[in-house]
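Since the structure comes first, as structure tokens, the remarks are kept for the end.
The values are calculated or read from the model by the stated rules, or taken from the named source; none is laboratory data. In this text the structure is predicted, and so the values were computed from the model without any measurement. Cβ sites come from the backbone with ideal geometry, for glycine too, and all protein chains shown count toward neighbours. Side chains included, ligands, DNA and RNA excluded: accessible areas come from the protein's heavy atoms. Shrake-Rupley method; radii C 1.70, N 1.55, O 1.52, S 1.80 Å.
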Amino acid sequence: MRVALITDHASPVAAPEDAYPADPGAGLGALATALAGLGAQVTMYAGVPVPAGRGGPGGTARPRRSKLCPGAVLEPLSIQAAEPDSGAAGDRDVTALRIRELASQLAARWQDSPPDVVHAHSWAAGVAAQASGRGLNLPQVQTFYSLAVQDGPRAGARRARLELALARSARAVLV
């Protein structure tokens with residue numbers, strides 16, 4: 001079974017105790033290793049923020065693929081780095097750009113060899129996974145580390161609607 005783990009977090013292989021609560025997706029390396037130990041072929045796709053001109057679309061440097069263990073690899077995907085003090089509207093724009101960048105890169109990788117199952121870790125990764133897997137009928141597991149209703153008014157109604165749609169369309173939901 002080919003499993004795609006997707007995160008928009010920059011440090012998915014850090015030890016969970018080192019990252020909590022700043023990066024709740026940090027324990028994915030352990031998940032990838034455990035799944036590979038059960039015989040799955042795991043590719044962890046991780047969004048890595050890259051400053052403009054340094055490896056994002058049109059940039060020169062690109063993060064490199066690395067082997068986590070036999071049966072599991074980390075495939076970094078370049079996404080736009082957030083600009084400091086962008087404000088709420090700017091945060092939404094950067095998030096939308098990151099989702100589009102993730103979806104575009106995932107769709108290109110899955111065109112010839114789609115995974116058997118996708119496990120998205122965050123609402124943004126879930127939206128990117130669904131967009132990139134359109135027409136492929138990929139079963140998706142969705143993990144939410146927080147919900148818009150918990151994060152308050154700044155998270156916004158749009159995110160809450162997206163989370164609801166992701167939860168309804170996923171084969172399984174983890175929180």
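Counting only the heavy atoms of the protein chains, how much of VAL149 is accessible to a 1.4 Å probe, in Å² to the nearest 10?
120
Tell me the carbon and sulfur percent of the accessible area for segment 100-175, rounded to whole percent, probe radius 1.4 Å.
53
log₁₀ I(q)/I(0) of segment 100-175 at q = 0.11, 0.19, 0.20, 0.25 Å⁻¹, via Debye over equal Cα point scatterers, no solvent, to two decimals?
Log10 I(q)/I(0), no solvent term: -0.27, -0.75, -0.81, -1.14.
Taking 35 Å as R0, compute the FRET efficiency from the Cβ-Cβ separation of ARG158 and CYS69 and round it to 0.05.
E between ARG158 and CYS69, to the nearest 0.05, is 0.40.
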